[in-house]
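Trainee: Dumping the structure here so I can ask a few things about it.
The values are calculated or read from the model by the stated rules, or taken from the named source; none is laboratory data. Treat the numbers as computed from the prediction; the structure is a model and nothing was measured. Cβ coordinates were reconstructed from backbone atoms using ideal geometry, including for glycine residues, and neighbour counts include every protein chain displayed. The protein model used for the area step is the full one, side chains on, heavy atoms only, and it has no ligands, DNA or RNA in it. Shrake-Rupley method; radii C 1.70, N 1.55, O 1.52, S 1.80 Å.
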Amino acid sequence: MTASGPGETAAYTPGSTAERVAGLERRRDQAVAPGGPRRRGELSARERIERLVDKDSFTETGLFVRARPAGEDARRPYGDGVITGYATVDGRPVCVFAQDSTVFGGSMGEAFGEKTVALMDLALKTGCPVIGLNDSGGARIQEGVASLALYAELVRRNVKASGVIPQISVVLGPCAGGAAYSPAITDFTVMVDGASHMFVTGPDVIETVTGERTTAEELGGARTSNTVNGNAHFLAADEEDALDTVRDLLSYLPANNLERPPEYTPGHPPPGADLDEVVPDRLGEAYDMRAILHAVVDDGELLQVQELFAPNIVCALARIEGRSVGVVANQPLHAAGVLDIDASEKAARFVRFCDAFGIPLLTFADVPGYLSGVRQEQAGIIRRGAKLLYAYAEATVPKVTVVVRKAYGGGYAVMGSKHLGADVNLAWPTARIAVMGAEGAVGVLHRRELAAADDPEALRARLLSTYERTHGTPYLAAERGYVDAVIAPRETREQVCRALRALRGKRAPMPERRHGNIPL
């Protein structure tokens, strides 16, 4: 028997069962041996999986798959730079893969890609979430078109799984080139501050091609991806925090689109919350919408999605009476809660995710409308703002809306209105449901009277008062049935709970079709 190095097959003559078992153990040791040095402070691919899943629950697939020989590089390590398998998280099945940056820099080769695709197929067949721990330099150049082909195969699986099983990407290092497109298609992306980078073209290539100088952090770092371009949904402080975020996220989600989200012991909002005092008397004064949300959801807990991107709208997962809900709410603390392009696209994607996985939608509206301006118009706010209209109108899950204060113009229509198919609409007495605010309406409707008046300011004050008494209330909408009930703020949780209970058996069949044509 001859000695063998890492990644090489042990040479021996098959003999007794004991010898064969010993040979198996040698191969296993070779297969799990580190491929090379790691970056300072980072966990290995296997350690990442161990920290993510329940103890001793991981079963590896494709352990003995080996890299294809490529050119002059004869190395054929077991696993080919990716660890794949199935496990449980909080006792619930998941499929997981972890790219190993110590083997060919975590680059995707043919065997690497085939293992990942096979895992995706397994997740689809068994109906469980798939979690990808990404740490890759991109396509393996020396394997040429085979590497590119497997990227396309992986994306095809991502698309096939979209809306069928939850897909979560965790970027724990570089994620460049073709590797970046797969996380972009998955449902949620978690990145680590200061460690993760995700971009199509790196800084060196950009400087060569365009002359622009930039850094990996500026181009596609975790903060850029969470705040500027919205490519990521969660910003983690470190790898442990990233994996904790995944576990927390999974606790709100069903295993697949045919199952219900997990149910927990009903919680209660924090004591002492007085919703009657949250909304300021002065219309232009800001307040934090999260104060309302914390007082309505179980235990005051919100898992905000894309918290740092488009902060003028809040998207979050929460629980009401132990059951998952998706919360969408305007945030008056930022730009008065106006809907711009980023906010519309952020909320539309979240609404469609919740609808795909049977998670009821709870909307809180305080919106002055869509943002006007040359930049927004030229950037396509008509087309891109329509995505949120489309998402709400398409959603068939239970939809409950609470109008807290302003609900003007197109903002009223889009934020879970009856006219887009909301099931139960409630309003606080502080709600103002109208085409526009009093100042704008009076200026348009009474422009000539004001211009001819001896005392235009006194006339304006009287007209504003009249408009506020009639249009500045929720009662005209309630008279027409557009609002089901006007409620005291302190009654909000109770009324929301009742509405969601009543809607648990909701059925809303859609016309038979391949799919709609959302304005992308």
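Trainee: Keeping the other protein chains in place, figure out the carbon and sulfur percent of the accessible area of the chain, with a 1.4 Å probe. It would help to have the intermediate numbers written out before the result.
Mentor: Numbers: 12780 of 24220 Å².
Exposed carbon and sulfur together represent 53 percent of the surface.
Trainee: Moving on. What number, in percent, do you get for the relative contact order of region 384-520 if the mean sequence gap of Cα pairs under 8 Å and at least 6 apart is divided by its residue count? Each step should come with its number before you reach the end.
Mentor: Details: 161 pairs, mean separation 41.4, N = 137.
It rounds to 30 percent for region 384-520.
Trainee: Next question, about the same structure. Pulled fully out, how much extra length does the chain show between A458 and R383, if you take 0.36 nm times their separation in residues and subtract their Cα-Cα distance?
Mentor: On the way: separation 75, 0.36 × 75 = 27.00 nm, distance 4.14 nm.
Result: 22.9 nm gained on full extension.
Trainee: On to the next question. Hey, which lysines would be in cross-link range of K125, C-alpha to C-alpha under 20 Å, not counting anything within fewer than 8 residues on its own chain?
Mentor: The reachable lysines, counting only those whose Cα sits under 20 Å from K125, are K115, K160.
Trainee: Sticking with this one: Where does the charge balance sit around P203 when Lys and Arg score +1, Asp and Glu -1, over other residues with C-beta under 13 Å from its C-beta? Don't jump to the answer; show the numbers that get you there.
Mentor: Details: positive: R213; negative: D204, E207, E212, E217, E218.
That works out to -4.
Trainee: Based on the Cβ-Cβ distance of A488 and S16, what FRET efficiency does E = 1/(1 + (r/R0)^6) give at R0 = 60 Å, to the nearest 0.05?
Mentor: Values: r = 81 Å, r/R0 = 1.36.
It comes to 0.15.
Trainee: Can you find, among H233, F97, V486, the residue sitting farthest towards the positive end of the charge dipole of the chain, where Lys and Arg contribute +1 and Asp and Glu -1 at Cβ?
Mentor: Value computed over the given set: V486.
Trainee: Restricting to bridges with both residues inside the chain, how much of the DSSP beta-bridge set is antiparallel, in percent to the nearest 5? Mind dumping the intermediate values first?
Mentor: Details: 25 of 66 bridges.
Around 40 percent of the beta bridges assigned by DSSP in the chain are antiparallel ones.
Trainee: Sum up the charges of everything whose Cβ sits under 12 Å from the Cβ of V21, counting Lys and Arg as +1 and Asp and Glu as -1, but leave V21 out.
Mentor: Working: positive: R20, R26, R27, R28; negative: E19, E25.
Local net charge: +2.
Trainee: Subtract the Cα-Cα distance of H419 and F64 from 0.36 nm times their separation in residues, and report this length gain in nm to one decimal.
Mentor: Numbers: separation 355, 0.36 × 355 = 127.80 nm, distance 5.71 nm.
So the chain would gain 122.1 nm between H419 and F64.
Trainee: Computed FRET efficiency, Cβ-Cβ of L503 and R282, R0 30 Å: what is it to the nearest 0.05? Can you show the working numbers first?
Mentor: Numbers: r = 35 Å, r/R0 = 1.18.
According to the calculation, E is roughly 0.25.
Trainee: Need one value: the accessible area of D100 in square angstrom, 1.4 angstrom probe, rounded to the nearest 10.
Mentor: 30
Trainee: Can you put D298, D248, D56 in order of accessible area, largest first, using a 1.4 Å probe? Before the final figure, lay out the partial values.
Mentor: Numbers: D298 10, D248 65, D56 145 Å².
Of D298, D248, D56, the descending order of accessible area is D56, D248, D298.
Trainee: Which of the lysines could be linked to K346 by a straight reach, that is with a Cα gap under 16 Å, when you skip same-chain ones fewer than 8 residues away?
Mentor: K387
Trainee: Calculated FRET efficiency, V228 and L24, Cβ-Cβ r, R0 60 Å, to nearest 0.05? Please list the in-between numbers first.
Mentor: Numbers: r = 51 Å, r/R0 = 0.84.
Computed FRET efficiency for V228 and L24: 0.75.
Trainee: Can I ask one more? How much net charge surrounds R490 when only the other residues with a Cβ under 15 Å from the Cβ of R490 are counted, with Lys and Arg +1 and Asp and Glu -1? It would help to have the intermediate numbers written out before the result.
Mentor: Working: positive: R493, R498; negative: D274, D276, E277, E491, E494.
Net of charged neighbours comes to -3.
Trainee: In Å², what does the accessible area per residue of the chain work out to with a 1.4 Å probe?
Mentor: Numbers: 24220 Å² over 520 residues.
That works out to 47 Å² per residue.
Trainee: Hey, another quick one. Over the chain, calculate the relative contact order: mean separation of alpha carbon pairs under 8 Å at least 6 apart, over the residue count, as a percent. Walk me through the numbers before you get to the answer.
Mentor: Working: 1034 pairs, mean separation 40.2, N = 520.
The value is 8 percent.
Trainee: For the chain, what is the mean residue ellipticity at 222 nm derived from helices alone (per DSSP H run of n ≥ 4: -39500 (n - 2.57); sum divided by total residues; nearest 500 deg cm²/dmol)? List each step's numbers first, then the result.
Mentor: Details: 19 runs with 188 residues, N = 520.
Roughly -10500 deg cm²/dmol at 222 nm, from the helical runs in the chain.
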